[in-house]
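Undergrad: I have a structure here, written as structure tokens, and I will follow up with some questions on it.
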Amino acid sequence: MISTRRAWLLCVLLFFSAALCFLDRQVLSVLAPKITAEFGMSNTVYSRVVFAFVLSYTVMLALGGRVMDVLGTRRGLGLSVAFWSLASAAHAFVTGPFTLGVARFFLGVGEGPGIPGAIKGAVEWMDPRRRGIAVGLATSGAAVGSVLAPPLSVWAERHIGWRGAFAATAALGAVWLVAWLLAFRGLPHAATTPVAGARPTSSWRSLLARSEVRRLLAARFCFDPVFYFYMFWIPQYLAKERGMSLAAIGALIWIPFVALEVANIGAGFVSDRFTARGWPQRRARMTLMLVAALMTPASFLAALAGTPALAIGLMAVLMFAHGIWITNFMTLIGDTVEPGDVATTVGLTGMCGGIAGMLSNLVIGPVVDHYSFTPNFLASAVVYPVAWFILRGGRPSR
């Protein structure tokens with residue numbers, strides 16, 4: 001059994017693993033204007049590089065989630081971070097679009113199991129009464145990584161070049177891995193090894209036979225492309241349609257991700273307070289997700305904003321809404337399935353979202369090349385309400 005103090009320490013490390021995961025993947029999107037110019041890449045070619053990452057990431061969300069449930073977060077997440085750090089280092093040696101795509105593919109292989117593992121650890125190690133805040137802490141690391149990526153990437157590009165920026169993120173992964181191994185010192189191996197009740201209790205087939213699980217998958221298929229769009233395309237949008245320099249992008253693009261960070265942790269806290277006051281778990285999660293869904297039309301207004309600053313502010317509203325949404329969505333998964341199936345189910349939903357992300361990224365590039373970014377902002381304004389209605393029809397969770 002893990003003490004509360006040790007559980008919080010491990011959740012903090014889960015937070016940093018998610019931060020590293022999103023920092024590593026965001027370096028390319030922040031430096032995309034420079035890298036695409038150096039390699040002579042069009043938006044369509046860039047979309048294929050993004051596709052390579054999303055393809056492997058999508059497959060490994062499902063496979064990696066299952067591996068996490070078998071190995072446990074202790075071993076599984078350590079292997080995941082080690083692999084993606086090596087893949088990040090490989091970016092420093094690419095010679096063109098093809099090798100860049102290969103490096104992105106292997107980065108996705110390593111990062112795929114990461115978020116399912118972080119959610120699994122937060123659900124298993126923390127008292128159920130604090131599940132919302134624990135999941136919020138773990139998932140909020142993604143926002144912190146996204147916040148840090150623009151200024152750190154721009155700073156690194158100026159001082160050690162864009163290749164050095166990728167090598168630096170790999171070094172941070174090595175530091176995290178050492179801290180992760182040290183955090184388990186003094187703990188019996190059995191304390192963090194999957195045991196009865198923590199190992200997978202259901203096959204993929206039996207999970208997919210449950211209507212509430214299918215609704216979770218369908219909902220994530222709807223909303224995940226929005227986050228992929230914001231992760232990989234907003235710097236391109238600000239550079240090409242708003243005329244912002246790389247330095248200006250690095251100085252401002254962190255703002256939406258700060259909003260995401262605040263919402264991640266705040267939504268988990270509020271959700272736990274609702275349940276502490278007697279609200280059913282599902283009602284608490286779904287109420288907050290409805291609030292989030294009603295905020296997302298701000299994304300379309302961002303495309304119509306008169307100034308870059310106002311556009312970024314409206315993007316921050318969308319990201320704040322996403323933070324409320326994703327924290328409660330992930331917690332809802334933990335409420336719906338057994339602990340031993342959490343990483344598997346998170347991975348399956350992520351796979352569905354990744355498939356949607358792959359398809360959307362292949363469309364975004366040509367749409368931008370032939371029209372503009374506006375249709376993408378319009379789509380991101382309507383999918384969360386659709387996803388909420390999909391989830392609303394599910395059977396009550398346990």
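None of the figures in this text is laboratory data; all of them are computed from the coordinates on show. Values in this document were obtained by computation on a predicted structure and should not be read as measured data. For neighbour counting, all protein chains shown are included, and Cβ atoms are generated from backbone atoms with ideal geometry for every residue, glycine included.
Undergrad: Please report, in debye to the nearest 20, how large the charge dipole of the chain is about its Cα centre when each Lys and Arg carries +1 at its beta carbon and each Asp and Glu carries -1 there.
TA: The calculated dipole for the chain is roughly 960 debye.
Undergrad: Using the Kirkwood radius built from alpha carbon pairs, what does the Stokes-Einstein equation give as D for region 262-398 at 10 °C and 1.306 mPa s, in µm² per second?
TA: Once the numbers are plugged in, D ends up at 97 µm²/s.
Undergrad: Ok, one more. Mind jotting down the distance between the C-alpha centroids of region 95-167 and region 279-339, whole Å?
TA: 20
Undergrad: Calculate the dipole size of region 145-304 relative to its Cα centre from +1 charges on Lys and Arg beta carbons and -1 charges on Asp and Glu beta carbons; express the result in debye to the nearest 20.
TA: Result for region 145-304 is approximately 600 debye, rounded to the nearest 20.
Undergrad: Then there's this: Apply the a/c threshold of 1.5 to the C-alpha gyration tensor of region 1-158 and tell me whether it is rounded, prolate or oblate.
TA: Prolate, since a/c reaches 1.5 and a/b exceeds b/c.
Undergrad: If you line up the Cα atoms of region 219-273 on their principal axes, what length do they span on each, largest first, in Å?
TA: Reported extents, whole Å, longest axis first: 44, 27, 12.
Undergrad: If the convex hull of the alpha-carbon atoms of region 219-333 is projected onto planes in all directions, what is the mean projected area in square nanometres?
TA: 7.1
Undergrad: May I ask for the Kirkwood hydrodynamic radius of the chain, worked out over all distinct Cα pairs and given in angstroms to one decimal?
TA: 20.8
Undergrad: Then there is this: To check my understanding: the extent here is largest minus smallest coordinate of the Cα atoms along each principal axis. What are those three numbers for region 312-378, in Å, largest first?
TA: 47, 27, 12
Undergrad: Cut-off 10 angstrom, C-alpha nodes, Gaussian network model of the chain. Which of VAL81, VAL383, VAL94 fluctuates the most?
TA: VAL94
Undergrad: State the percent of C-alpha pairs, over all pairs in region 17-99, separated by a distance greater than 17 angstrom.
TA: 54
Undergrad: Something else now. Just to check, using Stokes-Einstein with a Kirkwood Rh over alpha carbon pairs, what's the diffusion coefficient of region 64-123 at 4 °C and 1.567 mPa s in µm²/s?
TA: 109
Undergrad: Would you kindly compute the Cα radius of gyration of region 290-348 and its largest Cα-Cα separation (Dmax), both in Å?
TA: 15.6, 50
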